[in-house]
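Novice: I'd like to ask you about the structure that follows.
The values are calculated or read from the model by the stated rules, or taken from the named source; none is laboratory data. Everything quoted here is computed from the prediction, not taken from an experiment. FYI the Cβ positions are ideal-geometry reconstructions off the backbone, even for glycines, and counts take in every protein chain you see.
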Amino acid sequence: MRKFLITVYICIQSGFLPVLCTGSDTLKIEGLFYEDGLPVSITISGGRIEKITRLPANSNVPRLFIAPGLIDIQINGYMGVDFGGPGLTVDGVRRAVTGLWSNGVTSFLPTVITNSHDNLKRSFTILSESLKEPDISNSVPGFHLEGPYISPEEGYRGAHLEKYIRKPDWAEFSELQQAAGGKILLVTVAPETEGAIDFIRRCTASGVIVALGHHNGTSDVIKEAVDAGASLATHIGNGCANMINRHLNPLWPQLADDRLAVSIIADGYHLTREEVQCFYKIKGTRMTILVSDALDLAGLPPGEYIRGERNILLTPDVAKYPAGNVLAGAVSTLNTDVGNVMKFTGCSLKDAVKMATSVPSGLLNLNHTGELRPGKRADIILFTIDDGKITVQKTIVAGKVVFNRK
């Protein structure tokens, strides 16, 4: 069947954005390639990138950067939808997916934190059910279980409720994985807890990625966990006590082990600018993953909320858990972190985007997305940058325009 390409121009604040329609599923977009800022044209067909054409430097293309869609491997909810909450529904998951598209997030792992077995099982059952809808499954490749197998110590457990924290239990995890339809792709555990090393080995053997987080593991324990298959440090610098030994603490061994990637929350509140700089200098682009760790309160008005049996104080910038004198989670989305990491470290747009696209997709073995290359699924964002702030203008998922800023 012949395909006819018709170019349609839609006026937005930054200029004219050529968008592409055909009789069915072919698109063409033009803008500035995120890696070097030079003009480029991308043809999309059948939901995948068909061709990338470099244009002359003086081409009259929209002043919009084109990059892969962002991938958030740790996000607890959005716009009032709590992925681990008792009120979770398939419709809620759909609303969260749609809301995140407007911030350039085309793939993410709904993250379920420490809770009772029944509540965890219910959450994963609903999340699994939601994947029957193509618009959701295109953006949700799987789930992240953060806890309940973490440290019960104050500070290290963060805002997780102590009464639900328990030792790693393979039988329980297997039941949760079954409820999730086999879609728990990532689990965060404390390596020093009883049975954790064997649990890490079992997870790794089953294809589940293991991250170390909310823990107070010693250097020897952390090395043993990495030897067993752990490959990520969850939101390093957070999930840690406010007062730690300056020499003997969980941070140095995780930073020192070249086998261990790190995820960081670069919202400007969970870590200082200098911490982000140091973590990035040590691990580099290839071993650093940006995450939002956003709560369902993200996008809601500031105030006091009850979430997971906890009183949470939501400020315009961050969510706090006053009872534990710790942060409860972030309220910024991943596009904010991409802009911040450039400001904090001086890294290029190319490297900042990679830490939110190709690096997390590589960790999770999501070979279909995370890069702009022919044959990859067309998960693409077009955006402007103003004083370090990234504003998404258009989002494409699997070749379909799912968000267009008016």
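Novice: Out of all the residues in region 345-368, which are surrounded by fewer than 23 Cβ atoms within 10 Å (Cβ to Cβ), more than 18 Å from SER231 (Cβ to Cβ) and touching a residue at least 12 places away in the same chain (Cβ under 8 Å)?
Specialist: THR345, CYS347, LEU349, LYS350, ASP351
Novice: Continuing with the same structure: From (1) crowded, with 20+ Cβ neighbours inside 10 Å; (2) not aliphatic (A, V, I, L, M); (3) not assigned by TED's automatic domain parsing to the domain that holds ARG259, pick out the condition that doesn't hold for THR391.
Specialist: Looking at each condition in turn, THR391 falls short on (1).
Novice: Considering each of THR188, THR125, THR193 in turn, give the residue that is without any contact (Cβ under 8 Å) to a residue 60 or more places away in the chain, hydroxyl-bearing (Ser, Thr, Tyr) and part of a loop (DSSP other than H, G, I, E, B).
Specialist: THR193
Novice: Further question: Restricting region 135-176 to residues that are without any contact (Cβ under 8 Å) to a residue 40 or more places away in the chain and assigned to a helix (DSSP H, G or I), which is surrounded by the fewest Cβ atoms within 10 Å (Cβ to Cβ)?
Specialist: Within region 135-176, the subset without any contact (Cβ under 8 Å) to a residue 40 or more places away in the chain is 137, 148, 152, 162-163, 166-171, 173-174.
So of that shortlist, the ones also assigned to a helix (DSSP H, G or I) come out as 137, 162-163, 170-171, 173-174.
Numbers: SER137: 14, GLU162: 12, LYS163: 10, TRP170: 14, ALA171: 6, PHE173: 22, SER174: 12.
This residue is ALA171.
Novice: Could I ask something else about it? Would you call THR106 touching a residue at least 12 places away in the same chain (Cβ under 8 Å), under 25 Å from GLY239 (Cα atoms) and polar (S, T, N, Q)?
Specialist: Judged against the criteria, THR106 is not a match.
Novice: Moving to a separate point now. Is it the case that region 54-77 has a residue that's surrounded by fewer than 18 Cβ atoms within 10 Å (Cβ to Cβ), closer than 29 Å to LEU363 by Cβ and modelled with pLDDT of 95 or more?
Specialist: Checking region 54-77: not a single residue is surrounded by fewer than 18 Cβ atoms within 10 Å (Cβ to Cβ), closer than 29 Å to LEU363 by Cβ and modelled with pLDDT of 95 or more.
Novice: Among VAL93, VAL97, which is the only one that is touching a Pro at 6+ places or on another chain (Cβ under 8 Å), closer than 23 Å to THR336 by Cα, assigned to a helix (DSSP H, G or I) and assigned by TED's automatic domain parsing to the domain that holds MET355? So that I can check it myself, show each step before the final result.
Specialist: Details: VAL97 fails: touching a Pro at 6+ places or on another chain (Cβ under 8 Å).
Only one candidate passes the filter, namely VAL93.
Novice: Does region 244-260 hold any residues that are in contact (Cβ under 8 Å) with a residue 24 or more places away in the chain, in contact with a Gly (Cβ under 9 Å, 6 or more places away or on another chain) and not in a helix (DSSP H, G or I), and which are they?
Specialist: Passing the criteria: only PRO250.
Novice: If we scan region 206-214, do we find a residue that is more than 17 Å from GLN74 (Cβ to Cβ), touching a residue at least 12 places away in the same chain (Cβ under 8 Å), crowded, with 16+ Cβ neighbours inside 10 Å and in contact with a helix residue (DSSP H, G or I) (Cβ under 7 Å, 6 or more places away or on another chain)?
Specialist: no
Novice: I've got another one for you. ALA356 - would you say it is part of a loop (DSSP other than H, G, I, E, B), in the same structural domain as ASN103 (by TED's automatic domain parsing), in contact with a helix residue (DSSP H, G or I) (Cβ under 9 Å, 6 or more places away or on another chain) and hydrophobic (A, V, I, L, M, F, W, C)?
Specialist: Considered against the rule, which asks whether it is part of a loop (DSSP other than H, G, I, E, B), in the same structural domain as ASN103 (by TED's automatic domain parsing), in contact with a helix residue (DSSP H, G or I) (Cβ under 9 Å, 6 or more places away or on another chain) and hydrophobic (A, V, I, L, M, F, W, C), ALA356 comes out as yes.
Novice: Given the criterion under 20 Å from ARG54 (Cα atoms), over 15 Å from the mean Cα position of the chain (by Cα), modelled with pLDDT of 95 or more and of a type outside the set (Ser, Thr, Tyr), identify the matching residue among GLY375, GLY346.
Specialist: GLY375 is the lone residue from the list that is under 20 Å from ARG54 (Cα atoms), over 15 Å from the mean Cα position of the chain (by Cα), modelled with pLDDT of 95 or more and of a type outside the set (Ser, Thr, Tyr).
Each row is one residue, and each column tells you yes or no for (1) crowded, with 21+ Cβ neighbours inside 10 Å; (2) outside the structural domain of GLY346 (by TED's automatic domain parsing); (3) polar (S, T, N, Q); (4) assigned to a loop (DSSP other than H, G, I, E, B).
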| position | (1), (2), (3), (4) |
| --- | --- |
| TYR269 | no, no, no, yes |
| GLU274 | no, no, no, no |
| ILE282 | no, no, no, no |
| ILE289 | yes, no, no, no |
| LEU300 | no, no, no, yes |
| ALA319 | yes, no, no, no |
